[in-house]
1. Label-point separation (nm) for F78 and W103, each offset 7 Å from Cα along Cα-to-Cβ?
2. If you stretched the chain out fully between E142 and N94, how much longer would it get, using 0.36 nm times the residue separation minus the C-alpha to C-alpha distance?
3. Taking the simple approach of a point 7 Å from Cα along Cα-to-Cβ for both D62 and A19, what is their distance in nm?
4. Could you list the GluC sites (Glu not before Pro) in the range 43-105 that lie in coil according to DSSP, counting only those with at most 15 other Cβ atoms within 10 Å of their Cβ?
5. Multiply the residue separation of K187 and Q70 by 0.36 nm, subtract the distance between their alpha-carbon atoms, and state the gained length in nm to one decimal.
Amino acid sequence: MASDVALSSAKAFETAPGAEDALVASCREGDPDAFARLVAQHEGMVFGLAARLLGDPEEARDVAQDVFLQVYRALGRFEGRSRLKTWIYRIVVNQCRNRRRFWSRHARRGSCSLEALTAAEEARLAAGRDENGPFADVARRERVARVHEALARLRFEHRAILLLREQDGLSCEEIAAALGIAEGTVKSRLARAREAFRQALGPNSEGEMP
């Protein structure tokens, strides 16, 4: 499900509530073009979040396909109590959590190199690249690698909540809806996740997400 559109966050594909309702209705009626639009609106977010949660682009591609298959099958049960994007976030996190549990049962390490990213996928993960020359690009790559390594050291729940907040810009209320937990739990877990992330990055890092 690769796309050539570089994304800085899921907010690049915000949809007005009325348009979103119409899109969901068309998908439920079996309109393939409508579902293709739905995928196009959310595939960058789905792949980007899965890649960071799993640390493995090949697995993220598989998870993205599984996510949209589940969206297609379950869309008839989507009640609209939250935004469609929030509902899809929950599916992504659950799919990644299940994949990591599968890894642990089969003695597979939790994350792999992200070097196998395609050009379009790298653009999704590092939108806003500095175009000032090769040295700036090398520095950016080194910084992104340090951040990925730090994220890989975090517990899955901390990694998920940190990415939803800092990378995708969800509010604590939206994160609570996406993860199915209380907003107060989001805030306390986010504070612990930020501290764990700072410690994983080390004392000489700025502590910012890529």
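Bear in mind that the values in this text are calculations on the coordinates, not laboratory data. Quick caveat: nothing in here was measured; it's all calculated off a predicted structure. Every residue, glycine as well, gets a Cβ built from its backbone with ideal geometry; the counts of neighbours run over all protein chains shown.
1. Each label point is offset 7 Å from its Cα along the Cβ direction, giving 2.8 nm.
2. Net length gain for the segment: 14.3 nm.
3. 3.5
4. For GluC sites (Glu not before Pro) across the range 43-105 that sit outside H, G, I, E and B with at most 15 neighbouring Cβ atoms in 10 Å, the list reads E79.
5. Answer, rounded to one decimal: 39.2 nm.
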